[in-house]
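A short write-up of the structure that comes next.
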Amino acid sequence: MELTVRELTKQYKDKRAVDGVSLRLTEGINGLLGANGAGKTTLMRMLCGILKPTAGSVSLDGVDVSSEDYRAVLGYLPQDFGYYPDFTGLDFLLYLAALKGLSRPHAKRKAAELLELVSLADVGKKRIKTYSGGMKQRLGIAQALLNDPRLLIVDEPTAGLDPKERVKFRSLIAGLGQDTIVLLSTHIVSDVEKIADHMLMMSDGRIILDEPWDKSRTDLEQLYMEEFGGDGE
Ligand SMILES: Nc1ncnc2c1ncn2[C@@H]1O[C@H](COP(=O)(O)OP(=O)(O)OP(=O)(O)O)[C@@H](O)[C@H]1O
Ligand SMILES: [Mg+2]
């Protein structure tokens, strides 16, 4: 599979948030590193078909981002994902599964399987307001996986997580890249340097690094610092 992005641009009034981005992404973990305001969220929203580009195109194996077939194979965890605090984790998944058109038996099976996958099976019947930040983000991944996506877009999922939760989240993501195109944005080098198969770096709306990534490399922090001067961890 290939996600093909051609000359994608988003122009706000006097700000070009994404500036002529072209990419070809395939199965595996694709890390998208960039500082605040680099354009990661704007790019991802266009890749999800929820923000209309000023120019350019996005397709998955030739299927345009605007088509229903594209949406059917897309999973998305937005940066500002809203949870329903009074829902239980399980009910939340069942609710979203219904919205996505899964049959009730399929939804039940899938929700149980996903709660297991994200290590929330034992708290599935507890209300979301009792969850930690890390638990909420794992539930966020579970909802993004309800439709068995071939393309999974995850926007800064580790923001606000403590180091332990971050490690847990990282290993969860690492297990998903086998036959899925995973695109994960972050401004934290350690989120992606040991799990990414491909690395992208974004600055001021442009892609400034786009190459296969060797997980044994240890110079990502340095590359990032050279570009952004600090802020990485
Ligand atoms: N709706 C909008 N109107 C005007 N400017 C916008 C809008 N959305 C984003 N921008 C600007 O576009 C640039 C890119 O923003 P974006 O949110 O895509 O960056 P980001 O890399 O996701 O940052 P962060 O790490 O803070 O989430 C920023 O300068 C931002 O202020
Ligand atoms: Mg963002």
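The values are calculated or read from the model by the stated rules, or taken from the named source; none is laboratory data. Keep in mind the model is a prediction, meaning the values are calculated, not measured. Quick reminder, even Gly has a Cβ in these numbers, built from the backbone with ideal geometry, and neighbours come from all protein chains shown. With ligands, DNA and RNA removed, areas are computed over all heavy atoms of the protein, side chains included. Shrake-Rupley method; radii C 1.70, N 1.55, O 1.52, S 1.80 Å.
Miscellaneous remarks
- Every residue from segment 23-39 that is within 12 Å of ligand 1 (Cβ to nearest atom) and either aliphatic (A, V, I, L, M) or open to solvent by 30 Å² or more (accessible area, probe 1.4 Å) (or both): 32, 33, 35, 36, 37, 38
- With respect to being assigned by TED's automatic domain parsing to the domain that holds residue 173, touching a strand residue (DSSP E or B) at 6+ places or on another chain (Cβ under 7 Å) and surrounded by 15 or more Cβ atoms within 10 Å (Cβ to Cβ), residue 42 fits the description.
Results for (1) part of a loop (DSSP other than H, G, I, E, B); (2) among the acidic types (Asp, Glu); (3) under 29 Å from residue 131 (Cβ atoms), shown as yes or no for each residue.
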residue	(1), (2), (3)
5	no, no, no
10	no, no, no
44	no, no, yes
66	yes, no, no
71	no, no, yes
80	yes, yes, yes
85	yes, no, yes
90	no, no, yes
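- Residues of segment 1-20 satisfying the condition of being within 15 Å of ligand 2 (Cβ to nearest atom) and touching a residue at least 24 places away in the same chain (Cβ under 8 Å): 10, 17, 18
- The lone exception for residue 20 - which of (1) under 24 Å from residue 228 (Cα atoms); (2) surrounded by fewer than 18 Cβ atoms within 10 Å (Cβ to Cβ); (3) within 11 Å of ligand 1 (Cβ to nearest atom) it fails: (3)
- Against the test of being more than 12 Å from the chain's Cα centre (by Cα), within 16 Å of ligand 2 (Cβ to nearest atom), outside any loop (DSSP other than H, G, I, E, B) and surrounded by 21 or more Cβ atoms within 10 Å (Cβ to Cβ), the options 184, 200 yield a single qualifying residue, 200.
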